[in-house]
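The structure appears below as structure tokens.
The values are calculated or read from the model by the stated rules, or taken from the named source; none is laboratory data. Computed from a prediction, not measured in an experiment: that's the story for all the values here. Positions of Cβ are generated from backbone atoms using ideal geometry, with glycine treated the same way; all protein chains shown enter the neighbour counts.
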Amino acid sequence: MLDKLLEVKAYTEEGYAPVIDYESWRVAVLNYCEELLPENITRMQRHDETDEVFVLLNGSFILYIGEGHATVESIHAVKLEPLKCYNVKKGVWHTHTLTKGSSVLIIENRDTSAANSPEIFLSKEQRKILIELIG
């Protein structure tokens, strides 16, 4: 009977996984993965149809925000504080890095996908900036 009233999901592996989809929204978890170490980040993405919310659950998480539309003109680093909501606005370039043992809750539109989330490759200089920003 409880299954009809309550859905309980978890994700403890490395990387990103949706855990609950309902109507137009999705809740996902992002856990540490080597792909997101600053030295391994090669691109940023933006979502053309939705905002995206990040909530640090534990550990350390840096959100990189890129200014510009056709290109990334400047990059800012924001260190998330636990249990605060950070809303990346529709159309804003972003990527992120997190340390081992870190977990982030992500809330986004259910139809967020590669089809409506273009990526842009970062130059060698921009990749160096990512590392320097968390220095």
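What about HIS69, is it surrounded by fewer than 14 Cβ atoms within 10 Å (Cβ to Cβ) and touching a Gly at 6+ places or on another chain (Cβ under 8 Å)?
Criteria met by HIS69.
Go through the residues of the range 10-17 one by one and say whether even a single one is modelled with pLDDT of 95 or more, closer than 19 Å to THR112 by Cβ and of a type outside the set (Gly, Ala, Ser). Looking for residues that are modelled with pLDDT of 95 or more, closer than 19 Å to THR112 by Cβ and of a type outside the set (Gly, Ala, Ser), one finds at least one in the range 10-17, hence yes. So, in the range 38-56, how many residues would count as being of a type outside the set (Ser, Thr, Tyr), over 13 Å from the mean Cα position of the chain (by Cα) and surrounded by fewer than 18 Cβ atoms within 10 Å (Cβ to Cβ)? So the answer is 4. Using the structure shown, decide if LYS90 is at negative phi and either among the aromatic types (Phe, Trp, Tyr) or in a loop (DSSP other than H, G, I, E, B) (or both). Answer is yes for this residue. Kindly indicate whether VAL104 is of a type in the set (A, V, I, L, M, F, W, C) and free of Cβ contacts under 8 Å to residues at least 40 places away in the same chain. No.
Exactly one residue among GLU67, GLU52, GLU14 is closer than 26 Å to ILE134 by Cα and touching a residue at least 60 places away in the same chain (Cβ under 8 Å), and that residue is GLU52. For the range 92-111, enumerate the residues that are out of contact with any strand residue (DSSP E or B) (no Cβ under 7 Å at 6 or more places or on another chain) and either within 16 Å of GLU49 (Cα to Cα) or aromatic (Phe, Trp, Tyr) (or both). Listed by number, the list holds a single entry, ASP111. Scanning the range 38-66 for residues that are basic (Lys, Arg) and in a loop (DSSP other than H, G, I, E, B) yields a count of 1.
Here is a yes/no grid of residues against (1) over 27 Å from VAL19 (Cα atoms); (2) at pLDDT 95 or above; (3) touching a strand residue (DSSP E or B) at 6+ places or on another chain (Cβ under 8 Å):
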| site | (1), (2), (3) |
| --- | --- |
| VAL53 | no, yes, yes |
| VAL72 | yes, yes, yes |
| HIS76 | yes, yes, yes |
| LYS90 | no, yes, no |
| ALA114 | no, no, no |
| ARG127 | yes, yes, no |
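The residues of the range 118-135 that are surrounded by 12 or more Cβ atoms within 10 Å (Cβ to Cβ), under 12 Å from ARG43 (Cα atoms) and touching a residue at least 60 places away in the same chain (Cβ under 8 Å), listed by number, are PRO118, GLU119, ILE120, LEU122, ARG127, LEU130. Return yes or no: is LEU80 surrounded by 16 or more Cβ atoms within 10 Å (Cβ to Cβ), touching a Gly at 6+ places or on another chain (Cβ under 9 Å) and within 22 Å of GLY135 (Cβ to Cβ)? So LEU80 does not fit the description; no.
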